[in-house]
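**Q** Structure below; questions to follow.
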Amino acid sequence: MSLTIPTIPESAPFSEAQRHWLNGYLVGLFAAEAKGGEQGAVGVESEKRGRVVLMYGSQSGNAQGLCEGFGETLEATGWEAPVFGMEDHEEVDLAAEELVLLVSSTWGDGDPPDNAVAFWKRLGEAEAGSLGHLKYSVLALGDTNYADFCEMGKRFDARMAELGAERMVDRVDCDVDFEDAAEVWMNEVTGAMGVESQEEVTGAVAAGDDVAVGAAPAYSKKRPFGAALLVNRCLNGAGSERDTRHFEIGLAGSGLSYEVGDVLGVYPENCPDLVEEVLGALGFDGEEAVPDADGEEVSIRMALRRSYGITVPGTKFMAAVAERSGDGELAGMLEPEGKDALASFLWGREVIDLLFAHAGLGFSAGEFVALLGKLNPRLYSIASSPKAHPEEVHLTVATVTYESHGRARKGVCSTYLAERVGEGGAVPVFLQGAKHFKLPEDMGRRVIMVGPGTGIAPFRAFLEERRETGASGENWLFFGNPHAGTDFLYREELEAMRDGGALHRLDTAWSRDQGEKVYVQHRMRERGAELWGWLEEGAHFYVCGDAKRMAKDVDEALRGLIEEHGGKSGDEAEGYVATMKKEKRYQRDVY
């Protein structure tokens, strides 16, 4: 007698990882019933089928969510499946394990995420062949717009093999839209582990037997909510060289909720003028029928507006241009040894530049869009507390405009929000949790925040939250920008919080107001003794903003003040910072 298991529908108000876990939970629960009660009360099993350890290296929370969801699914189907952040690698004895699954994103120039640095070092120091008893598989998260696509996943995969571990399932590399590829990997892994598929357990799954999970409408990355743009306000003063906007977006009627530290995903549209230039360069009238990103037939004009990326050239597109044009130099840059030359060539260039440089390529409309990547959503740190602004979400966004190679360029999403939506217009949005960037549960803990430029965004939210909840812990903010007179974002709000007691210390750095440039890391060094005192008393330290320079400079300043004022050696300061990270007292939201 077959048993039909109810499943959680895609329309339910859960993330992909949560839905995957819930469905796995139901499979395990109903499978036990179908097998005559091998598993009695919920969560109580007579015997585990085996043990598999899951470890994640996560910067934005995606790898963590996937890993935790998969672990819960495996637990529900009878496996012991503990999940560890790679910062807790010392709790995992690889010599005693038989199955290990690694899920990792890539950060910076092919670097490990913050929480995976120590684990990667550990693997690098391990003896070759020492893991010959182990089976493993790797899920890598990345972005094909970057040259080092899924680099850390590739490195973990190669290093595990070097150490003698047996690859149970081939590594899967995921682009920004990682859900489908991750599901393929999960299915392959569970198949290799002998876990029955849902169809094998139930005999059949009826679509009409989905579980009802509440009346709130469900909006997600796959089904964004059309939110109203309520406010579009420039935060810079007259004469500033920057254009930083404060956006207020309405969530009324969506059922969506968020916590401070989370991010908002925005689906933009490409600039119509750029779309028309691309169509003209290709000789299209814009009405040619092509599939959009979801496979629906639309005009190529609409597809280029809403479905495909037409700014940063992808490798597939460049390879096709090189082949059709006979451009040997471009073809050479696409080889592994041409990585640096390609990066230099691509700076400030877009798809339109290659089309102008190589006229008459002869692409059909269908061929052209097949060479493009999806127009992916952009993620922004949320700049508001839901307790202070119910049914609203606020953003702090720098409008990106510049000139290169004789052309004016526009950031896709920043100019979409600033110039093309208009107040009252609809913006397709979704919410994404960020478990790696949260306020301390103990509201008596002190908080140190370093956020120059638009890095102020989550800290405005933190301060609002701490004020609204009456947190007793003191708050210290370091903020910087070029000029105090024109670039002091949220000045009135921050000064009011300081005067009202919600912000206890405010240190600013204006890089262009004097002959010598002054940045937030300089202010940190000046306040080193006090900062060290706060850290020793258990303060949490947060950084938000540019990853390539600011975050590295701040990290160096942090280690320096720990050495100087804590009387520690370089290795001891390194250990101190590692402990802070492990205790979730050092968190970064950098990009």
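The values are calculated or read from the model by the stated rules, or taken from the named source; none is laboratory data. From a predicted model like this one, the values you see are computed outputs, not experimental measurements. Using ideal geometry, Cβ is built from the backbone for each residue, glycine included, and neighbour counts are taken over all protein chains shown. Keep in mind that these areas ignore ligands, DNA and RNA; they rest on the heavy atoms of the full protein, side chains included. Shrake-Rupley method; radii C 1.70, N 1.55, O 1.52, S 1.80 Å.
**Q** Taking segment 107-144 only, how many residues are open to solvent by 30 Å² or more (accessible area, probe 1.4 Å), in a loop (DSSP other than H, G, I, E, B) and either under 27 Å from Tyr591 (Cα atoms) or touching a His at 6+ places or on another chain (Cβ under 8 Å) (or both)?
**A** So the count comes out to 4.
**Q** For segment 371-388, which residues satisfy the criterion of being closer than 10 Å to Glu248 by Cα and surrounded by fewer than 19 Cβ atoms within 10 Å (Cβ to Cβ)?
**A** Listed by number, the list is empty, since nothing qualifies.
**Q** Kindly check whether there is at least one residue in segment 536-557 that is open to solvent by less than 30 Å² (accessible area, probe 1.4 Å), at positive phi and in contact (Cβ under 8 Å) with a residue 24 or more places away in the chain.
**A** Looking through segment 536-557, at least one residue is open to solvent by less than 30 Å² (accessible area, probe 1.4 Å), at positive phi and in contact (Cβ under 8 Å) with a residue 24 or more places away in the chain.
**Q** Which condition from (1) assigned to a helix (DSSP H, G or I); (2) open to solvent by 70 Å² or more (accessible area, probe 1.4 Å); (3) within 26 Å of Tyr416 (Cα to Cα) is the one that Leu354 breaks?
**A** It fails just one condition, (2).
**Q** Restricting attention to segment 79-93, which residues are more than 12 Å from Tyr56 (Cα to Cα) and either among the aromatic types (Phe, Trp, Tyr) or surrounded by fewer than 21 Cβ atoms within 10 Å (Cβ to Cβ) (or both)?
**A** Trp79, Glu80, Glu90, Glu91, Val92, Asp93 - these are the residues of segment 79-93 that are more than 12 Å from Tyr56 (Cα to Cα) and either among the aromatic types (Phe, Trp, Tyr) or surrounded by fewer than 21 Cβ atoms within 10 Å (Cβ to Cβ) (or both).
Quick grid of which residues meet (1) open to solvent by 10 Å² or more (accessible area, probe 1.4 Å); (2) touching a helix residue (DSSP H, G or I) at 6+ places or on another chain (Cβ under 7 Å):
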site	(1), (2)
Leu346	yes, no
His358	yes, yes
His394	no, no
His405	yes, yes
Val421	yes, no
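**Q** Filter segment 426-468 down to the residues that are of a type in the set (A, V, I, L, M, F, W, C) and part of a loop (DSSP other than H, G, I, E, B), then identify the one that is surrounded by the fewest Cβ atoms within 10 Å (Cβ to Cβ).
**A** Taking segment 426-468 as the starting set, the residues that turn out to be of a type in the set (A, V, I, L, M, F, W, C) are 426-427, 429-431, 434, 437, 439, 443, 447-450, 456-457, 459, 461-463.
If we keep only those that are part of a loop (DSSP other than H, G, I, E, B) as well, we get 434, 437, 439, 443.
Working: Ala434: 26, Phe437: 24, Leu439: 22, Met443: 14.
If we take residues in segment 426-468 being of a type in the set (A, V, I, L, M, F, W, C) and part of a loop (DSSP other than H, G, I, E, B), then Met443 is surrounded by the fewest Cβ atoms within 10 Å (Cβ to Cβ).
**Q** With a cut-off of at least 1 residues that are open to solvent by 30 Å² or more (accessible area, probe 1.4 Å), name the strands (runs of 3 or more DSSP E) lying wholly within segment 253-305.
**A** Qualifying strands (runs of 3 or more DSSP E): 289-291, 297-299.
**Q** Considering (1) among the aromatic types (Phe, Trp, Tyr); (2) in contact with a His (Cβ under 9 Å, 6 or more places away or on another chain); (3) open to solvent by less than 30 Å² (accessible area, probe 1.4 Å), say which one Phe479 fails and leave the rest.
**A** Only one criterion is unmet by Phe479, namely (2).
**Q** Please determine whether any residue of segment 202-225 is open to solvent by 50 Å² or more (accessible area, probe 1.4 Å), of a type in the set (Phe, Trp, Tyr), at negative phi and modelled with pLDDT under 95.
**A** yes
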